[in-house]
Structure formats: C-alpha cells, structure tokens
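These notes are about the structure you will find just below.
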Amino acid sequence: MERGARVRLVDVARVAGVSLSAASVALNGRPGVSDPTRAKVRAAARKLGYVVDASAASMRSGRTKIIAYVGENASGDHLHGMAAAAAEAGHLFVIAPPASVAFLVGRGVDGLVVSGSDKAASAWARTGRPLVVLGEGRVPRGATRVPAGSGAEAIAALTGLA
C-alpha cells in the first residue's frame, strides 16, 4: 500500500488473512465469525489505522447517523450535553438555524431536535423522519416531546427511533 493512501477494508482482510466479507462481519460486530477471527481482524485494523468510511456506510444503510438541533436560546452546556449523547450513540450532532430544515433534509439528517420553533417542527414532521420537540411548543403527529433541559433524553429518544 502506498504511503498516504487510504486504508480500505480489503487491506484489513488481506493483513488478517480472511475474506472481505469475514472482515466486514468482524468489524461490524455481526455474528458469523469466530472470536479469534474477530480479534485478528480488529488487530489488523488497528495496525493499519483503518477507519470506517462513514459515507460508504451511509450509502449501504440509508442512514447518515446525523442528528440536528434547531432552536432558540440553547446554552453551550445544553448543546454540549446533546452533542456528547449523540457521539456516545455513534451519531454526529449538528446545530442549524430554524430556517434550515430543507437544507438538513437534503443532507440526509436522520433525526431532528427542535426547541422553540413550531414552524421548523411542522416542516420536519412532514418528512416522516424522527422528531423530538424539546420543551414547550406544538408537537406534530408522530413526534416525541421531552422536557426542557433534557437534551440527552432528546438524543436518546432520537437514536432509539432513528
């Protein structure tokens, strides 16, 4: 492999001495490979510096693992808590202004937390994607409401739905 070239799953499989499908199964935690094989594949991935290509994974799964927040008057601590909860659940957390719902839809955002914007909540609800209304405000059909100040709970609700 050339210096500076991106490490691919096929490289991990080659170093581990397994098939491409076995390497994929092992790294994704799915059943179908033995524990020693899983350990060998993970060791090869660490050795090579393999990082999952989120874009490729998104194309396969149909999910981006991106959660967005739109709202008014959120504190830094509040947003930090939501971002930490999202990261812990394996999602990217982005913050956007309420008028950006169409942009977020176009970027494939999987779920939205809305605070203080009935218009954004209504627009997002029409997409059929998971929606959590944080605090007060109208809750469109299919959405979940969590109390104000419960950002981590909002993320948990979305990652359970998304």
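Considering only segment 145-162, state which residues are within 16 Å of Ala68 (Cβ to Cβ) and surrounded by fewer than 17 Cβ atoms within 10 Å (Cβ to Cβ).
Selection gives Leu161 alone.
Looking only at segment 51-81, filter to residues that are in a loop (DSSP other than H, G, I, E, B) and of a type in the set (Asp, Glu); which one of those is modelled with the highest pLDDT?
The initial filter retains those residues of segment 51-81 that are in a loop (DSSP other than H, G, I, E, B), namely 51-53, 62-65, 72-75.
Now drop any that are not of a type in the set (Asp, Glu), which leaves 53, 72.
On the way: Asp53: 68, Glu72: 76.
Within segment 51-81, the match that is modelled with the highest pLDDT is Glu72.
Out of everything in segment 103-124 that is of a type in the set (S, T, N, Q) and crowded, with 18+ Cβ neighbours inside 10 Å, what residue ends up being farthest from Gly151 (Cα to Cα)? Explain how you work it out, then say what you get.
The initial filter retains those residues of segment 103-124 that are of a type in the set (S, T, N, Q), namely 115, 117, 122.
In the following step, the residues that additionally are crowded, with 18+ Cβ neighbours inside 10 Å were identified as 115, 117.
Working: Ser115: 10, Ser117: 16 Å.
It comes out as Ser117.
Need pairs with beta-carbon distance below 9 Å; first residue touching a residue at least 40 places away in the same chain (Cβ under 8 Å) and within segment 129-146, second of a type in the set (S, T, N, Q) and in a strand (DSSP E or B); sequence gap 6+ or separate chains.
Leu134/Ser115
For segment 93-102, give me each residue that is part of a helix (DSSP H, G or I) and surrounded by fewer than 16 Cβ atoms within 10 Å (Cβ to Cβ). Lay out the reasoning, then the answer.
Narrowing segment 93-102 to residues part of a helix (DSSP H, G or I): 98-102.
Selection gives Ala99, Ala102.
Confirm whether Gly90 is assigned to a loop (DSSP other than H, G, I, E, B), at pLDDT below 90 and within 28 Å of Val52 (Cα to Cα). Spell out the reasoning first.
On the way: assigned to a loop (DSSP other than H, G, I, E, B): yes; at pLDDT below 90: yes; within 28 Å of Val52 (Cα to Cα): yes.
Answer is yes for this residue.
The values are calculated or read from the model by the stated rules, or taken from the named source; none is laboratory data. Please read all numbers here as calculations on a predicted model, not as lab measurements. Please note: Cβ atoms are built from the backbone with ideal geometry, for glycine as well, and neighbour counts cover all protein chains shown.
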